[in-house]
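The values are calculated or read from the model by the stated rules, or taken from the named source; none is laboratory data. Note that the structure is predicted; figures quoted are calculated from it, not measured. Cβ sites come from the backbone with ideal geometry, for glycine too, and all protein chains shown count toward neighbours. The area values use the complete protein model at the heavy-atom level, side chains included, leaving out ligands, DNA and RNA. Shrake-Rupley method; radii C 1.70, N 1.55, O 1.52, S 1.80 Å.
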Amino acid sequence: MNEKLFALDEENIYEHLFERYSQLNGNIEGIKQDLGIHDKTQNVIEVDIQDTKVEKKKRKKKVRSEIYNFVIEQSLSSLGSSNDNNKNSTTGYVLWSTTLIFLNWLLYGESDVCKLIRNGEAIQGNEVLKFDGLFQKNDSGKKGIIELGSGISGILSIVMSNHVDYYVATDQNSILNKLKFNIRQNILQLNMKKCKSKSLNFNTKEEEEDEQRGVDLQDSRQRKQIVQLETLPLDWETFQLLKNNQPLVNSNSKYPILYQLKEDCSSIVILAMDVIYNDYLIKPFLDTVKELFQFYQLKSKIQISCIVGLQLRAQDMIEMFLETIICEYQFVVHHVSDSMLAQTRCGVYLLSPQTK
Ligand SMILES: C[S@@+](CC[C@H](N)C(=O)[O-])C[C@H]1O[C@@H](n2cnc3c(N)ncnc32)[C@H](O)[C@@H]1O
């Protein structure tokens, strides 16, 4: 299999989907046929993330031993409830497999395309696509991640906070209490950095002292390798930062952390796992991505892109999603073609704004 970023355009979408769904149909035994809920039998679940190939690697003495053990509280009753959250989506009350498939691949994948998504580089094709990677590099500027449709688990928030300077986990307001609960409950898994957070109400002790003494937070962040991890209510149906290509007057007070990223980061990646499961979500979701692309590109050189992990359910919906991105929104789209992902029901796509 050709493991690479494969550029999609209006002509090759259909061939791409035909091949991908043929792959899925040809592996009915090996790939789960369910809807994609990680575990719909219990409200409290344990989730371990570890490299299954680690023993072999240990023998070869090249271990990357990032291991996570999460205990997640989900709400099966709210998932099916129409009263609980009648205006909003209730899918976020449980953990979905796409998040775990994506993370497992990102942390332990060994293909060149996986390393590229992890560490980034300029990709030469017909035009140069700059993707700075999801993991922070020592020699570059600050990196931020904005997750759309995080759901309640907080797993991606915690794992990725070990690797970046800012992480903003967003979802509809009703989801956030449980998300905060799960992040707090598993915060010890965020052990590669010190974590500060206004929304979760924790400052590192040293940072509080620095703040009292008036020490520059930028300096202190660099010295102590701090990540700022926030949760933020962000509904795609109502989200707006700009009007006539200018920041809206109130958006700064409504979304201060998004402004902070604009000030501090040189590279921002939007992450979204299993957020397209209904036709009517396509436009509000893509409007949100477009708004964020425009906001962060306004008078700045921030590198921004978006990685979407899709659970490949109905083919016509995925087709509509890709068609809409390319034909209406005119983002640059690449399929992440990788043999490890090909053995799953997860499709990973990299969306970037058109280069000016
Ligand atoms: C299938 S769940 C996936 C949750 C999580 N990413 C995971 O993998 O476990 C889809 C997520 O999209 C969110 N969502 C749906 N409509 C939304 C909207 N209009 N604005 C923001 N989030 C939305 C849901 O609340 C839910 O958390």
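Asn25 meets each of the listed conditions (1) modelled with pLDDT of 95 or more; (2) outside any loop (DSSP other than H, G, I, E, B); (3) open to solvent by 70 Å² or more (accessible area, probe 1.4 Å); (4) not small (Gly, Ala, Ser) apart from (1).
Quick one: is Pro353 of a type outside the set (Asp, Glu) and out of contact with any helix residue (DSSP H, G or I) (no Cβ under 7 Å at 6 or more places or on another chain)? The answer is no for Pro353. Summed over the range 279-297, residues that are within 13 Å of the ligand (Cβ to nearest atom), open to solvent by less than 10 Å² (accessible area, probe 1.4 Å) and over 15 Å from the mean Cα position of the chain (by Cα) total 1. Does the range 255-262 contain any residue that is in contact with a Lys or Arg (Cβ under 7 Å, 6 or more places away or on another chain), modelled with pLDDT of 95 or more and closer than 25 Å to Met160 by Cβ? No, the range 255-262 contains no residue that is in contact with a Lys or Arg (Cβ under 7 Å, 6 or more places away or on another chain), modelled with pLDDT of 95 or more and closer than 25 Å to Met160 by Cβ. For the range 71-96, give me each residue that is modelled with pLDDT of 95 or more and either farther than 16 Å from Asp39 by Cβ or open to solvent by 20 Å² or more (accessible area, probe 1.4 Å) (or both). Of everything in the range 71-96, those that are modelled with pLDDT of 95 or more and either farther than 16 Å from Asp39 by Cβ or open to solvent by 20 Å² or more (accessible area, probe 1.4 Å) (or both) turn out to be Val71, Glu73, Trp96.
Contact map, the range 29-41: first residue among the small types (Gly, Ala, Ser), second residue near the ligand (Cβ under 9 Å from one of its atoms) and not in a strand (DSSP E or B), Cβ cut-off under 7 Å, separation 6 or more or different chains; pairs are Gly36/Ser97; Gly36/Thr98; Gly36/Asp274. When you look at Leu261, is it in contact (Cβ under 8 Å) with a residue 40 or more places away in the chain, open to solvent by less than 10 Å² (accessible area, probe 1.4 Å) and within 16 Å of the ligand (Cβ to nearest atom), yes or no? Judged against the criteria, Leu261 is not a match.
Conditions tested, residue by residue: (1) within 16 Å of the ligand (Cβ to nearest atom); (2) out of contact with any helix residue (DSSP H, G or I) (no Cβ under 9 Å at 6 or more places or on another chain); (3) of a type outside the set (S, T, N, Q).
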residue	(1), (2), (3)
Tyr277	yes, no, yes
Ser305	no, no, no
Val333	no, no, yes
Leu341	yes, no, yes
Thr344	yes, no, no
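Only one of the numbered conditions (1) more than 19 Å from Gly30 (Cα to Cα); (2) in contact (Cβ under 8 Å) with a residue 40 or more places away in the chain; (3) open to solvent by less than 40 Å² (accessible area, probe 1.4 Å) is violated by Gln303, and that is (3). Out of Val308, Val275, one residue alone is surrounded by 15 or more Cβ atoms within 10 Å (Cβ to Cβ), among the hydrophobic types (A, V, I, L, M, F, W, C) and in a strand (DSSP E or B). It is Val308.
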